[in-house]
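The values are calculated or read from the model by the stated rules, or taken from the named source; none is laboratory data. This one's a predicted model, so the numbers in the text were calculated from it and none came from an experiment. Cβ placement follows ideal geometry from the backbone for every residue including glycine, while neighbour counts extend to all protein chains displayed. Ligands, DNA and RNA are excluded from the accessible area calculation, which covers all protein heavy atoms including side chains. Shrake-Rupley method; radii C 1.70, N 1.55, O 1.52, S 1.80 Å.
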Amino acid sequence: MAVLAVATAHHSHSIGGTISGLLHSAGTFFAQLANLSWGSLLLGLAFYGLYLLLRSRALWAAVQAAYPDQRVRWRDVWGGYMVGYAVNNVFPLGGGNIAQLFLTRIAIPDSSYPAIAAALSTGVLFDWFLGLLVMAFAFTQGVFPKPPDFSKLPAFDISFFASNMRFTLFFLTVLGIGFLVGFALLSARVRAFWQRIRQGLTILRNRDRYRREMASWQLASWVARFAAYWALLDAFHIGGSVRNVLLVLAVQVIASVFPFTPGGAGVQQALLLTIFAHSPDVASFSVGQQIATSVLSSVLGFAALVLIFRFRSFREVIRRGREHRRSDGLAGGLTTGET
């Protein structure tokens, strides 16, 4: 109880500081709009849109490999990915993952949630491999905070877990127990469940196909992402360079671990303000680049939502996704019971 009390007090204090910092940086961004290099900004957003397109192609390859007898349309996988990406930039706690899973599932007749989820998760392997390389570089540069210093950052989520290791271990333990309990509850259907998971991971069992149809597209997407942030750093007058772009990408790798704010906003801002503290434009960049990319992904996501899937709002698709998963699970349980 003492751990929870301390954690709660630190949490509420830091939330106020994080929000205040975000609002201040947002104000700086809007005040400096006239000073932006608009050509570089538009170029950066074009490369960012290309990055999202290329990554969706890699996910499409994984889904198609899981369902070789069905025609999986790339536009459906891209649309589901864009909706999920847009939702995660607006709502915290990974609501976009539910939306992406639901939309991809309903786009493929006779598919299953476990297989689709497994197929979509295969992209994490390559991303985290490159992410670890980027992180290794960032920690050698002398400006990136070391993990013990994360508790001093003005971002409530990362500083909260770094400052309260006992609570963090408790939280991870609860997650582990929850996973085991969920596994036990699914034990009646565990064989069919793992067969579907194995189906979703089909592309990983063929090295040549994985390298040709997935990893190559993901590598191309990282190149586009690299180019996007080079241009965005130029747009905000911080200066594009190999070192600066890799530092920004390292920030995003860490922010992706903390889904408590939309797009990891607080973590990104805190780390960027620390890394580029020498630049007078860092406050504008720390929020401005995220606003720009979020607007782009939101426009693309909403277009996909309406034009491809015929939904009218992000909230509607999240609600329908939860309802569909519950009904799909109930139907699966009844079917298994009969057999």
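Checking every residue in the range 263-279 against the condition of being at pLDDT 85 or above, within 25 Å of Asn97 (Cβ to Cβ) and surrounded by fewer than 22 Cβ atoms within 10 Å (Cβ to Cβ) gives zero matches. Among the residues of the range 299-307, is any over 20 Å from the mean Cα position of the chain (by Cα) and closer than 24 Å to Trp74 by Cβ? Yes, there is a match, as at least one residue in the range 299-307 is over 20 Å from the mean Cα position of the chain (by Cα) and closer than 24 Å to Trp74 by Cβ. Going residue by residue through the range 205-216, is there one that turns out to be among the hydrophobic types (A, V, I, L, M, F, W, C), at pLDDT 60 or above and open to solvent by 40 Å² or more (accessible area, probe 1.4 Å)? No, the range 205-216 has no match at all. Residues considered: Val72, Val90, Val77, Val63. Of these, the only one that is open to solvent by 50 Å² or more (accessible area, probe 1.4 Å) and of a type in the set (Val, Ile, Thr) is Val90. Taken over the range 304-327, residues that are in a helix (DSSP H, G or I) and either β-branched (Val, Ile, Thr) or open to solvent by less than 40 Å² (accessible area, probe 1.4 Å) (or both) amount to 8.
Checked against (1) without any contact (Cβ under 8 Å) to a residue 40 or more places away in the chain; (2) under 20 Å from Ser221 (Cβ atoms), Gly44 passes all but condition (1).
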